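Have a look at the structure below before the remarks.
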Amino acid sequence: MDKLIMIGLPSSGSIKDGTVEGIFNAQREGFPWPTILKTMTGPYIDHNQMKLVELARELKATHLMLIETDNVFPPWGIEQLVESDKMVVGANYNFKTLTPPGCKEVGVAPLIKLWDENGDPRNITMEELPDFLSPVYSIPLGFALIDMKVFDRIEFPYFINIWRGKVFTEASVHFCEKVRMGGMEVWCDPTVKVGHIGSYAY
């Protein structure tokens, strides 16, 4: 079966012009697979992501490319993730703050997480960011490609923010944990440079 990529944009109601430009430029560059572009708008991003999975199933997409509406990326970025041939793969982008939680130093920090000595997720510094396609604990889901077969191998709900005692686990981290519990790996390709737009691209 040929690939059919559904680009899904979970949105709270607005989209940055750089995100629109990135999607347009990816198509203009001659994207080699058929694509469908769908948005899902509502106040809860995790709920919008869930609805996009349902829609991708209805449309018989082979892959769901999640792009949040405050990210900018190179025109070849989506294609490179598809060509990596991974079940779950994404790019890094940074916290929209100069004081990320758990970081000792002020400055930009990646949103991907690696393992600590106990096997739990930990934030990393830019110096620790891998410089090639690598397995990681978790990726942010604002620029992430997911093979639709993943959703047959993990439990519903796929995306949900949860509390474990006093520890908050964001939906992207929880999703990646489910993926690995399903016997699959989560990969990050840091060569795809993605900007996370706040007051400027962090």
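The values are calculated or read from the model by the stated rules, or taken from the named source; none is laboratory data. Keep in mind that this is a model prediction, so the values were computed, not measured. Using ideal geometry, Cβ is built from the backbone for each residue, glycine included, and neighbour counts are taken over all protein chains shown.
Taking the conditions (1) closer than 23 Å to residue 198 by Cβ; (2) small (Gly, Ala, Ser); (3) without any contact (Cβ under 8 Å) to a residue 24 or more places away in the chain in turn, residue 77 satisfies each one other than (3). Taking the numbered list (1) at pLDDT 95 or above; (2) under 20 Å from residue 81 (Cβ atoms); (3) of a type outside the set (Val, Ile, Thr) in turn, residue 196 passes all entries but (1). From the list 157, 135, the one residue that fits, being in contact (Cβ under 8 Å) with a residue 60 or more places away in the chain and farther than 17 Å from residue 7 by Cβ, is 157. Among the residues of the stretch 143-164, the one identified as at pLDDT below 95 and in contact with a strand residue (DSSP E or B) (Cβ under 6 Å, 6 or more places away or on another chain) is 162.
When the stretch 1-39 is limited to residues that are assigned to a strand (DSSP E or B) and among the small types (Gly, Ala, Ser), the one that is farthest from the chain's Cα centre (by Cα) turns out to be 11. Restricting attention to the stretch 40-62, the residues that are part of a strand (DSSP E or B) and surrounded by 15 or more Cβ atoms within 10 Å (Cβ to Cβ) add up to 1.
A single entry from 78, 5 fulfils the requirement of being at pLDDT 95 or above and closer than 24 Å to residue 157 by Cβ: 5.
The residues of the stretch 61-98 that are farther than 20 Å from residue 25 by Cβ and of a type in the set (D, E, K, R), listed by number, are 85, 86, 96.
When restricted to residues that are of a type in the set (Ser, Thr, Tyr) and under 18 Å from residue 138 (Cα atoms), the stretch 65-99 contains 2.
Just to be sure before I move on: is residue 69 outside any loop (DSSP other than H, G, I, E, B), modelled with pLDDT under 95, touching a Ser or Thr at 6+ places or on another chain (Cβ under 7 Å) and surrounded by 14 or more Cβ atoms within 10 Å (Cβ to Cβ) in the structure I sent? Judged against the criteria, residue 69 is not a match.
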